[in-house]
Amino acid sequence: PFHRFFGAGLISARMTVAFLSVLASAAFYWLLRQISPIPLAMLATYLLSASIFDISASRLANVESFAKLWGVLPLALLAWALRNKSWQAFSITGVALALAALTYDTLWPIGIVCIGLTLTELRGVTIQEKAKSLAALIAPVLLVLPLLVPYFISRVTYYELEKKGWQTEFLVKLWEHA
């Protein structure tokens, strides 16, 4: 929308990044507000917004700033869904997870985190409710899976893991790199 309204140029890119950064900071505050007291949420959001990454993002218009919102929003929505315990809230969270998965491959572990948190937090509910919530959470991600698999394969070949010795002794190599 910024490129369409202001035309193609660096100013449009900077405004886009700044807007998404503010939106992501609001989502971050909302996440923390759901799980922590107000002073902690305010302090953490201030520290996030005053970080070098955030301050330089609007001037540099770097592409990584687009991933910030999708790293925070699924977790904020999950906190909301766990509080509501409705399949509709989990479905909205699933859409945010799908968009995060489509944004950048480094955001894929958020899906695993969300599933793990959902299983942990829904311990006291019936199996039917747990299955309905998990299905609503996972369904949007499964719908975008046909787009994610080819991308994942291209990223794996891009990293050339076989040249780094990852095809054998995977756990040993993982420990060495950790």
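In the stretch 99-116, which residues are open to solvent by less than 60 Å² (accessible area, probe 1.4 Å) and under 14 Å from LEU69 (Cβ atoms)?
Matches in the stretch 99-116: ALA100, ALA101, THR103, LEU107, ILE110.
Tally the residues that are under 30 Å from ALA81 (Cβ atoms) and assigned to a helix (DSSP H, G or I), restricting the search to the stretch 3-49.
Number of matching residues: 32.
Okay, residues lined up against (1) β-branched (Val, Ile, Thr); (2) in contact with a helix residue (DSSP H, G or I) (Cβ under 6 Å, 6 or more places away or on another chain); (3) under 26 Å from ALA26 (Cα atoms):
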{"position": "LEU82", "(1), (2), (3)": "no, yes, yes"}
{"position": "SER86", "(1), (2), (3)": "no, no, yes"}
{"position": "ALA98", "(1), (2), (3)": "no, yes, yes"}
{"position": "ALA135", "(1), (2), (3)": "no, no, no"}
{"position": "LEU142", "(1), (2), (3)": "no, no, no"}
{"position": "LEU145", "(1), (2), (3)": "no, no, no"}
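Can you pull out the residues in the stretch 82-95 that are open to solvent by less than 30 Å² (accessible area, probe 1.4 Å) and within 13 Å of ILE138 (Cβ to Cβ)?
PHE90, THR93, GLY94 - these are the residues of the stretch 82-95 that are open to solvent by less than 30 Å² (accessible area, probe 1.4 Å) and within 13 Å of ILE138 (Cβ to Cβ).
Please enumerate the residues belonging to the stretch 117-132 that are part of a helix (DSSP H, G or I) and either open to solvent by 80 Å² or more (accessible area, probe 1.4 Å) or over 11 Å from LEU78 (Cα atoms) (or both).
Of everything in the stretch 117-132, those that are part of a helix (DSSP H, G or I) and either open to solvent by 80 Å² or more (accessible area, probe 1.4 Å) or over 11 Å from LEU78 (Cα atoms) (or both) turn out to be LEU119, THR120, GLU121, ILE127, GLN128, GLU129, LYS130, ALA131, LYS132.
Do any residues in the stretch 2-29 that are in contact (Cβ under 8 Å) with a residue 40 or more places away in the chain and at negative phi have Cβ atoms under 7 Å from those of residues that are open to solvent by less than 70 Å² (accessible area, probe 1.4 Å) and of a type in the set (Lys, Arg), where the two are at least six apart or on different chains, and which pairs are they?
As it stands, the answer is LEU20/LYS68; SER21/LYS68; ALA24/LYS68, since those pairs meet every condition given.
The values are calculated or read from the model by the stated rules, or taken from the named source; none is laboratory data. All values reported here derive from a predicted model rather than from experimental measurement. A quick note on method: Cβ atoms are made from the backbone with ideal geometry, for glycine too, and the neighbour counts reach across all protein chains shown. Note: areas computed on protein heavy atoms with side chains; ligands, DNA, RNA excluded. Shrake-Rupley method; radii C 1.70, N 1.55, O 1.52, S 1.80 Å.
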